[in-house]
Amino acid sequence: MLSHFFSFLSLKSSFKISLHLFAFSLMNLKVAAGFCFLIILFFNLGPSICRTDIVTGYEVNLVVPAEYEEWFIGRAFLMETEHLMPPNFRVALTVEATQGQYSCSLQVFLGEVRVWSSGHFSRFFTAEKCVLELTADGDLRLKGPTGHVGWRTGTSRQGVERLRILRSGNLALVDAFERTKWQSFNFPTDVMVLGQSLNVATHLTSFPPNSTFFYSFEIETQRIALYLNSPKCKYSYWEFKPPNNINLSFITLNAEGLDIFDDRAKKISTIPSGTPRPLRFMALGNKTGNLGLYSYSPQSGTFEASFRALRSTCDLPLACKPYGICTFSNSCSCIGFKMGGEEEICGGSEMMELEGVSSILRDGPKRVNVSKEECGEWCLEECKCAAALYYWGVKECYVYRVVIGVKQIEMGMGLSYMVKVPKGSALGRQKSGLKRWVLAVVGVVDGLVILAVSGGLGYYFIKRRRKNFMDTRDTHS
């Protein structure tokens, strides 16, 4: 992605900055690569030095391009942590092209990795200019050209004197006594940095591009878990439970791993980093939904994942599109049927059973001590049900509102996955879609068996014929 990095800025509180950016695009919008040449003019600048804080009365204006340029990102870096263990944390005012408009946000970076953003949950779109202001009464704001406030900390008249980037990467508003009045650590996004803690009922969230789903990493009293969320449903797809069913209270990321604590602040479990290098952050991927622990490699100059919660592509919730199946070869096969809205689902429909298939989604509505037939009937009776998973051994039935996270499994594992399809199109009636895929798999296996049997019989008859020939020759001789 195209990025423009501007100089570090620092000035006295009475000064204001106006950064005028003129972008001359040389890129083709049909390709995902290109560059812009930017001319940056600084007005009323004081000494340009790197610093870790800014004071009340500070304002910086970042001019937004007049025409929309896809892939455009403009950043003015304002603060940086002291040099401890590189790379350092930096604070930037950012303008970026998204959804046909320009969004304005305040962001924190660890090296080149964005670890916090004011626009993570709700974007502030603007034109002409993006303004960051720390008002005289202590409110940190993002504004547009007309003075409209698109984001704020709400810290007016609380004694705030400065905005500071701490060595931990925490962006904080503090008063004259160094008491914190607002901090970015209280508003986690998709990254948890070294030394940061998250309490029960707090989340990390990430948003896949062009999707109505989103991922969340949640701390609960009995476990930590990954969830796939949509406006109509929520399912977990990974969990870690501390031993002995001990209630947990909070988690903390240290250099060696992710520590889990109980309500007495006693460490009860650890997810180790798996590397001798110190961890720098934990992240929830916005494309895959996987959770990773990351350390910095001085040799490559990049962050590398030393631990991932999910190691297989088919264990990722959106490895395939809805009504797709992730196969043993990590490719996607289409089921072949897709129900429409609730009217179609509640109308003429039936359950199609798919052998050798399961779902990675958990925590759906459940019934116990039921038969497979009763499980299918339950889904048919529920208009919002799209699929059901039946466990033969324990006679448990789970129903789902989405056909997502479906993957191929070994036959004979005691699972039956059933999908609601239009009536008359279930297996045994219409040989298409997944049935063709299932039959193809079965056909390959059958073909191999037949080939082996045929080869064995052929070998037997050839050997027998040869033996008869040798016996006949010995008799005649």
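Each value in this text was obtained by applying a stated rule to the coordinates, not by laboratory testing. This is a predicted model, so every value here is computed, not measured. As a convention, Cβ positions derive from the backbone with ideal geometry for all residues, glycine included, and neighbour counts pool all protein chains shown.
Can you work out ³J(HN,Hα) from phi for every residue in region 182-188, in order, using Karplus 6.51 cos²θ - 1.76 cosθ + 1.60 and θ = phi - 60°, giving whole Hz and x for Gly and Pro?
7, 8, 5, 4, 7, 10, x
Could you pull out every residue, at least 5 positions away or on a different chain, whose amide H is within less than 5 Å of the one on G119? Hs are placed 1.01 Å off N in the peptide plane, and Pro or chain starts have none.
Amide H neighbours of G119: L106.
Treat every Asp and Glu Cβ in region 188-311 as -1 and every Lys and Arg Cβ as +1, leave all other atoms uncharged, and give the resulting dipole magnitude about the Cα centre to the nearest 20 debye.
About 180 debye.
Return the sequence-ordered ³J(HN,Hα) values of region 350-364 in whole Hz as given by the Karplus equation 6.51 cos²θ - 1.76 cosθ + 1.60 applied to θ = phi - 60°, using x for Gly and Pro.
Taking θ as phi minus 60°, the curve returns 8, 9, 10, 8, 10, 7, x, 9, 9, 10, 7, 6, 10, 6, x Hz for region 350-364.
More than 26 Å apart: what percent of Cα pairs in region 228-348 qualify? The partial results should precede the final answer.
Values: 3007 of 7260 pairs.
Every Cα pair in region 228-348 considered, those over 26 Å come to 41 percent.
Tell me, in nm to one decimal, what length is gained between N286 and E374 on full extension, where the rule is 0.36 nm per residue of separation less the Cα-Cα distance?
27.9 nm
Given a Förster distance of 51 angstrom, what is the FRET efficiency for D263 paired with E67, based on the Cβ-Cβ distance and rounded to 0.05?
Working: r = 56 Å, r/R0 = 1.09.
It comes to 0.40.
By counting other Cβ atoms within 10 Å of each Cβ, how are H148, H120 ranked from fewest to most?
Least crowded to most crowded, the residues run H148, H120.
Identify the chymotrypsin sites (Phe, Trp or Tyr not before Pro) of region 170-243 meeting these criteria: DSSP loop state and at most 14 other C-beta atoms within 10 Å of the C-beta.
Answer by residue number: F177.
What FRET efficiency, computed as 1/(1 + (r/R0)^6) with R0 = 35 Å and r the Cβ-Cβ distance, is obtained for K232 and V55, rounded to the nearest 0.05? Mind showing how you got there, number by number?
On the way: r = 47 Å, r/R0 = 1.35.
Given R0 = 35 Å and the Cβ-Cβ separation, E is 0.15.
Work out the length of the dipole vector of region 261-416 about its Cα centre, built from +1 on the beta-carbon of each Lys and Arg and -1 on the beta-carbon of each Asp and Glu, and round it to the nearest 20 debye.
Details: 18 positive and 18 negative charges, 235 e Å.
Here the size comes out at about 1120 debye.
With label points built 7 Å along Cα→Cβ from the Cα atoms of A136 and T221, find their separation and express it in nm.
Taking the two extended label points, one gets 5.0 nm.
Past 32 Å, Cα to Cα, is the threshold; run K241/K366; K232/K395; K266/K384; K287/K423; K321/K372; K366/K423 against it and keep the listed order. Provide the component values of the computation, followed by the final result.
Values: K241/K366 21 Å; K232/K395 27 Å; K266/K384 43 Å; K287/K423 35 Å; K321/K372 26 Å; K366/K423 25 Å.
Listed pairs above 32 Å: K266/K384; K287/K423.
Which ³J(HN,Hα) values, rounded to whole Hz and listed in residue order, are derived for region 248-265 from phi using the Karplus coefficients 6.51, -1.76 and 1.60 in 6.51 cos²θ - 1.76 cosθ + 1.60 with θ = phi - 60°, glycine and proline given as x?
Using θ = phi - 60°, the values come out as 9, 10, 7, 10, 9, 9, 10, 5, 9, x, 9, 8, 10, 10, 8, 6, 9, 6 Hz.
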